[in-house]
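Have a look at the structure below, then the notes.
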Protein chains: 2
Amino acid sequence: MDNTTPPAPKSDMTAGYILDTQVGFLLRRATQRHLTIFSGLIPAITSTQFAALSKLCELGPTSQNALGRATAMDAATIKGVIDRLRKKGLITSRRDPDDQRRIFVAASEAGSALYHDTVQSAQKVSEETLSPLSKAEQTVFLEFLSRLT
Amino acid sequence: MDNTTPPAPKSDMTAGYILDTQVGFLLRRATQRHLTIFSGLIPAITSTQFAALSKLCELGPTSQNALGRATAMDAATIKGVIDRLRKKGLITSRRDPDDQRRIFVAASEAGSALYHDTVQSAQKVSEETLSPLSKAEQTVFLEFLSRLT
DNA sequence: ATCGGATTGTTCGTATACAAACAGATTTTG
DNA sequence: CAAAATCTGTTTGTATACGAACAATCCGAT
């Protein structure tokens, strides 16, 4: 009576790990695709910069670090984003008179205008990113995804 | 007959866009969380480096660019990853004698050892990342996520 | 055989992203 | 009030990530 199931070679001990099905790898690829869609529809500004600008338009003038917290960027990251947005003339910044540590940032005229001009495209970016899923699937997916944050 | 739904002020025209519910923002935050879990469980190597190393162990010796394609990294990115893996002694590389353009990369002894020693932790990373979802939800989520790549 | 196109890897520039160390300002505590 | 703890923003270093331009090599069509 021979064993009908051939013994797995030693090298198969790690066959259980398939990179292409790991959540981290899939998250990275989905993010890549999303960023491609974003830069295609909104070439003027990056996804991260748009996130900061939109939060700024939503919240009004905010301190730099607070804006970073609201957009999930650490202090070092938000500084770079703010610097680049200011260089583009999309935001203004000034010291908070009540707290000499803080820097108040606010959307400039040009920043508000750009935001209002691109927010519909941003909606399209989200739609196109999710377009491989049905409406019902999109709802489920977003609900699950939001639980993984 | 007064209109019972009060007219939205002009500034609300963009209220439909809430950053925190956009798929791109959620993808970024989920990726952040995943990377935090990864570096907590596998401090020796980054998520990206592990991806390259695991694909290398799966495929055997491969050209640098081909490995990049297999791990969704462009030529410039995979170069940096390969350089850092080689500096750590986890891979070796040599010119392909049959094609002077190509560079063959392969996992070193240390690289294979590290991979086999950490692959179970990598499984745990995926599990922990998905742990806010039930098993059934995880299956659905991964299926949807893989469709967005 | 050679020329034109494709592929491979490199380099540069820009943009996130985060850890760690830091200085200055403010707040909390004792 | 004074010391300690906290918060704010900056800087440095490292690691992805990608577009664009480039040289060397290979390959296919003529």
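Interface of A with B. Using a 1.4 Å probe and counting protein heavy atoms only, the two chains hide about 4700 Å² of accessible surface, both sides summed.
Counting only heavy atoms of the protein chains, get the accessible area per residue of segment A:44-127 (1.4 Å probe) and round it to a whole Å² value. It would help to have the intermediate numbers written out before the result.
Numbers: 4370 Å² over 84 residues.
Counting only protein heavy atoms, the per-residue value for segment A:44-127 is 52 Å².
Straightening the chain between B:GLN32 and B:ARG147 buys 39.3 nm, computed as 0.36 nm per residue apart minus the Cα-Cα spacing.
Calculate the tail of P(r) for the protein assembly as shown: the fraction of all Cα-Cα distances greater than 31 Å, expressed in %. Intermediate values should be presented prior to the final figure.
Numbers: 19316 of 44253 pairs.
Of all Cα-Cα distances in the protein assembly as shown, 44 percent exceed 31 Å.
Across identical copies of the chain, A:SER131 has label-point separations of 3.8 nm, listed in ascending order, with the point defined 7 angstrom from Cα along Cα→Cβ.
The listed residues A:SER146, A:SER126, once ranked by accessible area (1.4 Å probe) with the largest placed first, stand as A:SER146, A:SER126.
Evaluating 6.51 cos²θ - 1.76 cosθ + 1.60 at θ = phi - 60° for every residue in segment B:27-38, the Karplus couplings come out as 4, 5, 5, 5, 5, 4, 4, 4, 5, 5, 4, 4 Hz, glycine and proline recorded as x. Take every pair of alpha-carbon atoms less than 8 Å apart whose residues are at least six positions apart; their mean separation over the length of chain A yields a relative contact order of 21 percent.
The A:LYS124 and B:GLU109 beta-carbon pair, evaluated with R₀ = 45 Å, returns a calculated FRET efficiency of approximately 0.35. Consider a paramagnetic label point 7 Å from the Cα of A:SER63 along Cα→Cβ; state which residues of segment A:87-114 have an amide N under 17 Å from it. Residues passing the 17 Å test: A:93-106. Using a probe radius of 1.4 angstrom, the carbon and sulfur fraction of the accessible surface of chain B is 55%.
For segment B:116-123, 3J(HN,Hα) computed residue by residue from phi via the Karplus equation (6.51, -1.76, 1.60; θ = phi - 60°) reads 5, 7, 10, 4, 5, 5, 5, 4 Hz, glycine and proline entered as x.
Rounded to whole numbers, the Karplus 3J(HN,Hα) couplings from phi for segment B:90-99 are 8, 9, 10, 9, 8, 5, 6, x, 7, 8 Hz, using 6.51 cos²θ - 1.76 cosθ + 1.60 with θ = phi - 60°, and x at Gly and Pro. From its DSSP helices (H runs of at least four residues, each -39,500 (n - 2.57)), chain A gives a residue-normalised ellipticity at 222 nm of -19000 deg cm²/dmol.
Across B:SER134, B:SER93, B:SER47, mean-square fluctuation computed from a Gaussian network of chain B (C-alpha pairs under 10 Å connected) peaks at B:SER134.
Taking amide hydrogens as placed 1.01 Å from N in the peptide plane, the amide H of B:PHE104 sits under 5 Å from those of B:ARG94, B:ARG95, B:ASP96, each at least 5 positions away in sequence or on another chain.
Express the relative contact order of segment A:51-122 as a whole percentage, based on alpha carbon pairs under 8 Å and six or more residues apart in sequence.
Working: 87 pairs, mean separation 24.3, N = 72.
Relative contact order, segment A:51-122: 34 percent.
On the beta carbon distance between A:HIS116 and B:HIS116, with R0 = 41 Å, the FRET formula returns roughly 0.15.
B:GLU137 sits with roughly 50 Å² accessible to a 1.4 Å probe, with DNA, RNA and ligands left out of the calculation. In whole percents, the pair-distance distribution calculated for segment A:44-127 from its alpha-carbon pairs, binned every 5 Å from zero, is 3, 16, 29, 26, 17, 7, 2, 1, 0.
The Rg/Rh ratio for chain A, using Cα coordinates for both the radius of gyration and the Kirkwood hydrodynamic radius, is 1.20. Which of these, B:VAL23, B:VAL125, B:VAL81, has the largest mean-square fluctuation under a Gaussian network model of chain B (Cα springs below 10 Å)? Maximum fluctuation in the GNM of chain B, among the listed residues, is at B:VAL23.
The values are calculated or read from the model by the stated rules, or taken from the named source; none is laboratory data. Nothing here was measured: the structure is a model prediction, and the numbers come from that model. Cβ sites come from the backbone with ideal geometry, for glycine too, and all protein chains shown count toward neighbours. For accessibility, only protein heavy atoms count, side chains too; no ligands or nucleic acids. Shrake-Rupley method; radii C 1.70, N 1.55, O 1.52, S 1.80 Å.
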